[in-house]
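Following: one structure in structure tokens, then a few remarks.
The values are calculated or read from the model by the stated rules, or taken from the named source; none is laboratory data. These numbers come from a predicted model, not from an experiment. Every residue, glycine as well, gets a Cβ built from its backbone with ideal geometry; the counts of neighbours run over all protein chains shown. The area values use the complete protein model at the heavy-atom level, side chains included, leaving out ligands, DNA and RNA. Shrake-Rupley method; radii C 1.70, N 1.55, O 1.52, S 1.80 Å.
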Amino acid sequence: MPVKRIERKIAERRKKKRRERLVRTITYISLLALVVLSAAALFRFLNSPFFHIRDVVFYGNQHYSDQELRRISGPFEDKNILLFDLNDIRKPLLKLPWIKEVGAEKARGMIIKVYIRERVPLAVLRGENYYYLLDESRRVLEVSSTEIDADLLAIRSDEEPGYEPGDVVVSKGVKDCLEVWQALDNELKKEIGFAEIRSNSFFYVTREGIKIKFGDARDLTEKTRVLLALLKEIKGQGQDVEYIDVSVYDYPVVKPKGEEG
């Protein structure tokens with residue numbers, strides 16, 4: 001008898017453990033099914049039309065219409081705003097010649113706001129056949145076969161660069177010319193009529209026809225001080241001067257017209 005009772009108890013314990021294992025298994029499966037169904041429901045909800053981009057609004061654009069910018073940075077139809085990467089807007093817009101910076105944010109109402117900062121023209125480079133509108137970084141904004149009418153520094157070149165909008169002018173002469181120009185004070189800029197590029201170097205030409213040689217952009221404060229003093233002296237004495245070289249400001253050179261050397 002005792003042996004049978006022991007066997008019966010062992011059998012009951014085994015049965016109980018099997019039931020517990022079954023309950024645990026069913027619980028695990030139920031929880032897993034709940035998680036899967038919840039995830040599926042959430043995925044379906046997040047990808048529902050409720051979260052589709054409803055509009056893209058542009059700010060600061062002057063040279064491109066909203067329609068052009070949407071076409072270049074889109075399409076946006078059926079795109080989920082929560083999953084949308086704003087870099088997908090920034091990257092194509094930054095390839096446009098006039099656009100310098102692009103900021104974007106997701107706003108209420110499933111709207112994306114895009115903030116445009118455009119480049120500012122600084123100079124017009126004239127080649128043999130074309131005119132190139134440049135910004136401070138020497139990026140070509142526009143190319144025209146006719147003269148660009150703008151109150152900007154005019155740069156004359158004896159070559160035809162052959163650049164396209166969006167290209168960056170690599171000429172050392174243009175680079176130095178624009179660096180110096182940006183650093184000059186307004187008083188001196190008023191004296192200058194245009195700039196000329198020759199073999200990777202440059203010089204300015206005053207409204208009186210005097211060539212000004214600056215060299216590179218180093219020591220511009222001292223070069224400007226010396227140049228203004230010389231121009232004042234030349235005007236006061238009525239001298240007829242071909243060029244002034246202040247590339248070495250400690251030893252400026254003034255060459256009168258007709259003088260050899």
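In table form, for the structure just shown:
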{"read-out": "Area accessible to solvent at Ser65, 1.4 Å probe radius, in Å²", "value": "50"}
{"read-out": "Cα pair distances in the range 50-118, grouped into 5 Å bins until the bin that holds the longest one, percent each", "value": "4, 17, 33, 26, 13, 6, 1, 0"}
{"read-out": "Helix 172-183 axis, angle to the chain major axis (alpha carbon atoms, nearest 10°)", "value": "90"}
{"read-out": "Sequence-separation-based contact order of the range 101-235, relative, with Cα cut under 8 Å and 6+ spacing, percent", "value": "16"}
{"read-out": "Positive minus negative residues near Gly109 (Lys, Arg vs Asp, Glu; Cβ under 14 Å)", "value": "+2"}
{"read-out": "Long-range HN-HN contacts of Tyr163 with modeled amide H, under 5 Å", "value": "none"}
{"read-out": "Computed magnitude of the charge dipole of the range 121-256 (debye, nearest 20; Cβ of K, R +1, Cβ of D, E -1)", "value": "400"}
{"read-out": "Residue-level accessible surface for Ile81, protein heavy atoms, 1.4 Å, Å²", "value": "10"}
{"read-out": "Solution diffusion estimate, µm²/s, Stokes-Einstein, the range 151-208, Kirkwood Rh from C-alpha pairs, 20 °C, viscosity 1.002 mPa s", "value": "176"}
{"read-out": "0 to 90° range, to nearest 10: angle between helix 2-46 axis and the chain longest Cα axis", "value": "30"}
{"read-out": "Cross-link reach list, lysines versus Lys106, counting only Cα pairs under 19 Å and skipping chain neighbours closer than eight places", "value": "Lys79, Lys91"}
{"read-out": "Inter-part distance where the range 155-174 and the range 114-141 are each reduced to a Cα centre, Å", "value": "10"}
{"read-out": "Over the range 50-118, relative contact order from alpha-carbon pairs under 8 Å, at least 6 apart, %", "value": "44"}
{"read-out": "Amide proton proximity set for Ile155, modelled H, under 5 Å, gap of 5+", "value": "Val124, Leu125, Arg126, Ala195"}
{"read-out": "Residue-normalised accessible area of the range 23-154, given per residue in Å² at a 1.4 Å probe", "value": "65"}
{"read-out": "Ranked order, Glu68, Glu159 - accessible area, probe 1.4 Å, largest first", "value": "Glu159, Glu68"}
{"read-out": "Calculated from backbone phi, Karplus (6.51, -1.76, 1.60) coupling profile of the range 58-63 in Hz, x at Gly/Pro", "value": "10, 10, x, 7, 10, 8"}
{"read-out": "Asp216 accessible area, 1.4 Å probe, all protein chains in place, Å² to nearest 10", "value": "50"}
{"read-out": "Dipole axis of the range 180-250 (+1 Lys, Arg; -1 Asp, Glu on Cβ), positive-most option in Tyr204, Leu227, Val246", "value": "Tyr204"}
{"read-out": "Flagged links, alpha-carbon separation over 30 Å, of Lys172/Lys235; Lys175/Lys211; Lys113/Lys190; Lys213/Lys235", "value": "Lys172/Lys235; Lys113/Lys190"}
{"read-out": "Val241 long-range amide H proximity, modeled H, under 5 Å", "value": "Lys257"}
{"read-out": "GluC sites (Glu not before Pro) lying in DSSP loop within the range 167-261, provided at most 14 other Cβ fall within 10 Å", "value": "Glu208, Glu259, Glu260"}
{"read-out": "Degrees between helix 220-237 axis and first principal axis of the chain (Cα, 0 to 90, nearest 10)", "value": "30"}
{"read-out": "In order through the range 88-95: 3J(HN,Hα) via Karplus (6.51 cos²θ - 1.76 cosθ + 1.60), integer Hz, x for Gly, Pro", "value": "5, 8, 4, 4, x, 6, 5, 7"}
{"read-out": "Sequence-separation-based contact order of the chain, relative, with Cα cut under 8 Å and 6+ spacing, percent", "value": "10"}
